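Chemist: Have a look at this one before I ask anything.
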Amino acid sequence: MTDHNSVRRNILLNPGPATTTDTVKQAQIVPDICPREVEFQKIMEEIRGDLVRIIHGKPEEYTAVLFCGSGTICMDVALNSLLPEGKLALVIQNGSYSERAVEILKAYHLPHIELVQPIDHAPDLDVIEKTLADNPDIAYVYVTHHETGSGLLNPIREIGEIAHRHDAVFITDTTSSYAMIPIDVYADNIDFCMASAQKGIMGMTGLSYVIGRRDLIEKSRLYPTRSYYCNLAFQYDYFEKTGQMHFTPPVQVIYAARQALAEYFTEGEQRKWDRHRRVMAAIHEGEDRLGLQEMLDRGEQAGLVSAVYYPDDPHWDFDKVHDYCYERGFTIYPGKIEKKGTFRLCALGAIDAPDIEAFWKVFEEALENCGITDLPAAGKGKKSL
Ligand SMILES: *Cc1c(COP(=O)(O)O)cnc(C)c1O
């Protein structure tokens, strides 16, 4: 690669957009093309097939419907499009992203049950079971797979099984787990899931997808429409009829996604997940060395986000530490649980354990720069490690 093409490599430890490879960045530089050309349709068709393949769906049963927008567009689409007239949605609410799902249902004035569960451990399956038994009108159950705000892993396989036993459709937001944690739609009882190109596949922002059962999308044509732009059956039908997105797609982002998917399959499902786990092990290792405390027990974590309490030191200043790290190419991210004072370190993206080791060196310098010397290893990083 020539110098002309190389871009500074930043290590993003925020929960997406993630660090991308140079080859994905450069894949966006293509001759101008009208997205209504057959050549472009073929690329979208290929991408849709690959997105289904990642979660092991049979292409005749599952489909990927592309949308131009950030990941939230898929939550909106799935929640508003898949609720039949007079039926109820059930949201298992145990974190900031499922809270967002409830906000979406409220914005559309859709009848729903918000089943609030603790944010720091897996939900009570008996309560979910009972809620479904008591409310036969529940049409779908919605849960966030990996709660990106806290790092919590929800047991989708078990929840999906309960939903199906009660004849409810199972929808899960896999935006921050898809193409990272291995998922199998059949084994995991998934009818619909969703993700966004800037997270698991390590592409660019602006392309998101709902992946789910064709028969259920076709059935949803008869449900009341609550949105014109964000309707699942409308977009699906348009794709099926024309091979195109209904409205202008994010052209260059789609070229980047094609490259990112090629790199995904080259790396391989298991090897990629192993790499993310190596990254998280390196994050945990540094936390242990510095005596930093996490919000969640490691047994509850999905292994992709670590929410860390601010060090108990009057000199701690998140912005100062952030800026020190940022200037050196490392981005850390504020916590979602603002009141408690946490920040997040995430294992998404095209990074590996040595990047985290380099990060901890800079972080220790940042602590020293703030005047924090009480943590077990603070101020000693450069000398002893
Ligand atoms: C990132 C993310 C989203 C989408 O967020 P946007 O800001 O719209 O990209 C949705 N759900 C989860 C769990 C996420 O991690």
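Chemist: If you check ILE217 against the conditions, is it touching a residue at least 12 places away in the same chain (Cβ under 8 Å), within 16 Å of the ligand (Cβ to nearest atom) and either over 27 Å from MET280 (Cβ atoms) or of a type in the set (A, V, I, L, M) (or both)?
Modeler: No: the conditions fail for ILE217.
Chemist: If you check TYR236 against the conditions, is it more than 16 Å from the ligand (Cβ to nearest atom), touching a strand residue (DSSP E or B) at 6+ places or on another chain (Cβ under 9 Å), hydroxyl-bearing (Ser, Thr, Tyr) and part of a helix (DSSP H, G or I)?
Modeler: Yes, satisfied.
Chemist: Might you check whether a residue that is among the hydrophobic types (A, V, I, L, M, F, W, C), in a loop (DSSP other than H, G, I, E, B), open to solvent by less than 60 Å² (accessible area, probe 1.4 Å) and under 23 Å from PRO354 (Cβ atoms) occurs anywhere in region 257-279?
Modeler: no
Okay, residues lined up against (1) within 17 Å of ASP188 (Cα to Cα); (2) among the β-branched types (Val, Ile, Thr):
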site	(1), (2)
ARG53	yes, no
SER70	no, no
VAL77	no, yes
LYS87	no, no
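Chemist: Would region 49-58 turn up any residue that is closer than 19 Å to LYS336 by Cβ, of a type outside the set (Lys, Arg), open to solvent by 10 Å² or more (accessible area, probe 1.4 Å) and not in a helix (DSSP H, G or I)?
Modeler: no
Chemist: Then there's this: Picking from ASP215, ASP173, ASP188, which residue would you name as being buried (at least 24 other Cβ atoms within 10 Å of the Cβ) and under 26 Å from LYS87 (Cβ atoms)? Quick ask: steps written out before the conclusion?
Modeler: Working: ASP215 fails: buried (at least 24 other Cβ atoms within 10 Å of the Cβ); ASP188 fails: buried (at least 24 other Cβ atoms within 10 Å of the Cβ).
Just one listed residue meets the conditions, ASP173.
Chemist: Exactly one condition in (1) in the same structural domain as PRO182 (by TED's automatic domain parsing); (2) within 16 Å of the ligand (Cβ to nearest atom); (3) open to solvent by 10 Å² or more (accessible area, probe 1.4 Å) is false for PRO17; which is it?
Modeler: Here PRO17 clears every test but (1).
Chemist: Another one. Here are some residues: ILE55, ILE29, ILE11, ILE73. Which one is within 15 Å of the ligand (Cβ to nearest atom) and among the β-branched types (Val, Ile, Thr)?
Modeler: ILE73
Chemist: Continuing with this model, one more query. Given the condition more than 12 Å from the chain's Cα centre (by Cα), closer than 16 Å to ILE73 by Cα and of a type in the set (Gly, Ala, Ser), answer yes or no: does some residue in region 202-220 qualify?
Modeler: For region 202-220, residues more than 12 Å from the chain's Cα centre (by Cα), closer than 16 Å to ILE73 by Cα and of a type in the set (Gly, Ala, Ser): present.
Chemist: Can you tell me which of ASP126, ASP76 is open to solvent by 10 Å² or more (accessible area, probe 1.4 Å), within 29 Å of LEU345 (Cα to Cα) and outside the structural domain of SER306 (by TED's automatic domain parsing)?
Modeler: ASP76
Chemist: May I pose another question? Which one of these does TYR229 not meet: (1) under 25 Å from ILE119 (Cα atoms); (2) in contact with a His (Cβ under 9 Å, 6 or more places away or on another chain)?
Modeler: (1)
The values are calculated or read from the model by the stated rules, or taken from the named source; none is laboratory data. In this text, all values refer to a predicted model and were calculated from it rather than measured experimentally. Neighbour counts are summed over all protein chains in view; Cβ atoms, including those assigned to glycine, are modelled from backbone coordinates with ideal geometry. The area values use the complete protein model at the heavy-atom level, side chains included, leaving out ligands, DNA and RNA. Shrake-Rupley method; radii C 1.70, N 1.55, O 1.52, S 1.80 Å.
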